1. Which values, in whole Å and largest first, are the semi-axes of the equivalent ellipsoid of the chain obtained as the square root of 5 times each eigenvalue of the Cα gyration tensor?
2. How many nm separate the modelled label positions at Asp19 and Thr79, each set 7 Å beyond the Cα in the direction of the Cβ?
3. Could you state the principal axis extents of the C-alpha atoms in segment 86-129, from the largest down, to the nearest angstrom?
4. List the lysines whose Cα lies under 29 Å from the Cα of Lys167, skipping any in the same chain that are fewer than 8 positions away.
5. Let me make sure I get this right: for segment 115-164, a, b and c are the square roots of the gyration tensor eigenvalues over alpha carbons, sorted descending. Under 1.5 in a/c it's rounded, otherwise prolate if a/b > b/c, else oblate. Which is it?
6. Need the full-extension length gain, His129 to Lys218, defined as separation in residues times 0.36 nm minus the C-alpha distance. One decimal, nm.
7. Express the relative contact order of the chain as a whole percentage, based on alpha carbon pairs under 8 Å and six or more residues apart in sequence.
8. Most mobile of Arg99, Arg63, Arg203 per a Gaussian network model of the chain (Cα springs, under 10 Å)?
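Each reported figure results from applying straightforward, stated rules to the coordinates on display, with no laboratory input. Since we're looking at a predicted model, the values are computed, not measured. All Cβ positions, even for glycine, are placed from backbone atoms using ideal geometry, and neighbour counts span all protein chains on display.
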Amino acid sequence: MLEVQHLTVSYRGVSAVEDVSFRLQPGQLVGAIGPNGAGKSTMVKAMLGLVPAASGVVKYCDRALKQQLDAVAYVPQRTQIDWDYPVTVWNVVMMARTRQTGWWREPNRQSKQIVATAIDRVGMWELRHRQIGELSGGQQQRVFLARSLAQEAELFFFDEPFVGIDKKTETIMFDVFSELKSQGKTLLVITHDLATTLIKCDRLLLLNRQLIANGSLKEVATTANIQRAYGDSVLLLRH
Ligand SMILES: Nc1ncnc2c1ncn2[C@@H]1O[C@H](COP(=O)(O)OP(=O)(O)OP(=O)(O)O)[C@@H](O)[C@H]1O
């Protein structure tokens, strides 16, 4: 189980994440939702130690998550990736095996097999020698999905994976999420694509700096919670 306790993160004295606590159970897909700037990305980065937390504890199986980052596959927002970097699909996915192989050694047969399976699973086998900059948004997202699979992690964090993707990618992505769930993996997906994601998530975290609600869709999507997170403007849309 992953446990976040009282996580607070500030940028130059202004808090982006305030006293957030929750638990993630294995075998569940959890959606982190909330308006732009709500602190969703910051929360995940702080959980991984990529930005410093002002306070709080993040534990996986009762040990600090930062001490066991090999257990986490993290796919950042597409805008944070340098798509001009000259690297092929195959090599991006192979990066997931660095821990097993080392930077300098030729990957072993097992790693090659795992990478091939992951690339094939996301429907990118034919394009495995392509440069990542030459792919569509959906294909790029699938490459990073494959990389997360090749890492053979226990926890999967995806930041806005549905932005700029096609229907085929969306289907593959949710199929893969289901498989990972049935293998007992823990999945946290940041999204503002409410329509598709809401129904497919087992639980939701509704954030706006603070954690406003945590539970099933029915528990989270109350008028009071939505108003607290998004303000009055979103209620107008409902009418
Ligand atoms: N590196 C940074 N330095 C200073 N402020 C930052 C930094 N990163 C994020 N912020 C600010 O922290 C707040 C939370 O941003 P964050 O990106 O975590 O929110 P988000 O919910 O992921 O939003 P979005 O969906 O727009 O990415 C915002 O006000 C943002 O401007």
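1. Values: eigenvalues 189, 86, 54 Å².
The equivalent ellipsoid of the chain has semi-axes of 31, 21, 16 Å.
2. That separation, rounded to one decimal, is 3.0 nm.
3. Here the spans come out as 27, 24, 12 Å, largest first.
4. Within reach: Lys40, Lys45, Lys112, Lys181, Lys185, Lys200, Lys218.
5. Taking the square roots of the gyration eigenvalues as a ≥ b ≥ c, segment 115-164 is oblate.
6. Numbers: separation 89, 0.36 × 89 = 32.04 nm, distance 4.49 nm.
Here the segment from His129 to Lys218 would lengthen by 27.5 nm.
7. Details: 430 pairs, mean separation 67.0, N = 239.
For the chain, the relative contact order is 28 percent.
8. Comparing Arg99, Arg63, Arg203 in the GNM, the peak value goes to Arg99.
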